[in-house]
Every structure is written in C-alpha cells, then in structure tokens.
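I have placed the structure first, in the form of structure tokens, so that the comments after it can refer back to it.
The values are calculated or read from the model by the stated rules, or taken from the named source; none is laboratory data. Values in this document were obtained by computation on a predicted structure and should not be read as measured data. No Cβ is skipped: glycine too gets one built from the backbone with ideal geometry, and neighbour counts run over all protein chains shown. Note: accessible area is taken over every heavy atom of the protein model, side chains too, but ligands, DNA and RNA are not part of it. Shrake-Rupley method; radii C 1.70, N 1.55, O 1.52, S 1.80 Å.
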Amino acid sequence: MAHWKRKYWQTRKAFKQELYEIVKDNPVYVPMIAETYVASKLRTHIHKIWWMARNHNDFLQEYNRNLMGKMLTGTDEILINLSYADERFNKYRGKIPKYLAMGDAYAIMIRVQREGWHSKHK
C-alpha cells in the first residue's frame, strides 16, 4: 500500500466495517452505492471530454452552445449520499478522500451482493 494511503487506514477500516454491517442488513444501500459509482464515472468521462475539447475549437463551441450546463450525472460523492441516508457517516466526511471512500463503498457493495448470491445458490 502506498505510504500516503496509510494515514487513512484506520479511518477507512472503521468506515468499511460500519458500512458493511449497514449494507448487509439493509440492501437498499446497494443501488444507491451503484448509482453513485456510475455518477462518479460519468462525471470523470465528461471532464475528460472537456479536456480533449480544448484542442478542437469547433467542437468546443458546439458543445458550449448545445450542452454546457446540462450535466447528466447525479451527485458523485458517496459520503454525502451516505450521510443523507444515515447520520452516522457524517463523521467520515473530510477524513477520507472521496475517491477512496467511493472505492471502499463499491467493494462493500460487491461483497454484499456476492454473499447474497452465494447464500441463495448453495
């Protein structure tokens, strides 16, 4: 693990354990985490388009004229979404970088889905 990630290790460990317990008991969190993950990937994709468009003036002008300001993604910050659903997650806001929290939440979501699938197919 990279040395800069170590400073978040204890906080992330507590976050993942708490999130796992909540998601395992309440599967409604699964689609919320999945939609937040998709929104974060779409926002990254749009930012890459903007970055590439700076070298193509005609495309940039057309984009600005027709699409600028019409962001199609929802909120892409998992800790904000989790805080709305459960106030216990407020304590992690600002303590874990949002991209690490998103990765941890996505991993928990996948784990809970697989455990649910395996328990139904034994």
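Scanning the stretch 12-40 for residues that are exposed (fewer than 12 other Cβ atoms within 10 Å of the Cβ) and closer than 18 Å to residue 77 by Cβ yields a count of 1.
Of the residues making up the stretch 41-53, those that are open to solvent by less than 60 Å² (accessible area, probe 1.4 Å), without any contact (Cβ under 8 Å) to a residue 24 or more places away in the chain and among the β-branched types (Val, Ile, Thr) number 1.
Would you check if there is a residue in the stretch 72-90 being over 20 Å from residue 111 (Cβ atoms), modelled with pLDDT under 80 and open to solvent by 70 Å² or more (accessible area, probe 1.4 Å)?
Taking the stretch 72-90 first, the residues over 20 Å from residue 111 (Cβ atoms) are 72-77, 80, 83-84, 87, 90.
From what is left, the residues that are modelled with pLDDT under 80 are 72-76.
Imposing the further condition that a residue be open to solvent by 70 Å² or more (accessible area, probe 1.4 Å) reduces the set to 72.
Yes: the stretch 72-90 contains one or more residues that are over 20 Å from residue 111 (Cβ atoms), modelled with pLDDT under 80 and open to solvent by 70 Å² or more (accessible area, probe 1.4 Å).
Condition check: over 26 Å from residue 10 (Cα atoms) and either modelled with pLDDT of 90 or more or hydroxyl-bearing (Ser, Thr, Tyr) (or both). Does residue 119 satisfy that? Break it down into steps so the answer makes sense when it comes.
Details: over 26 Å from residue 10 (Cα atoms): yes; either modelled with pLDDT of 90 or more or hydroxyl-bearing (Ser, Thr, Tyr) (or both): yes.
Here the answer is yes, as residue 119 does meet what is asked.
Can you find even one residue in the stretch 51-62 that is part of a helix (DSSP H, G or I), at pLDDT 90 or above, of a type in the set (S, T, N, Q) and out of contact with any strand residue (DSSP E or B) (no Cβ under 8 Å at 6 or more places or on another chain)?
Step one: of the stretch 51-62, the residues part of a helix (DSSP H, G or I) are 51-53, 57-62.
Filter once more, keeping what is at pLDDT 90 or above: none.
The answer is no, given that none of the residues of the stretch 51-62 is part of a helix (DSSP H, G or I), at pLDDT 90 or above, of a type in the set (S, T, N, Q) and out of contact with any strand residue (DSSP E or B) (no Cβ under 8 Å at 6 or more places or on another chain).
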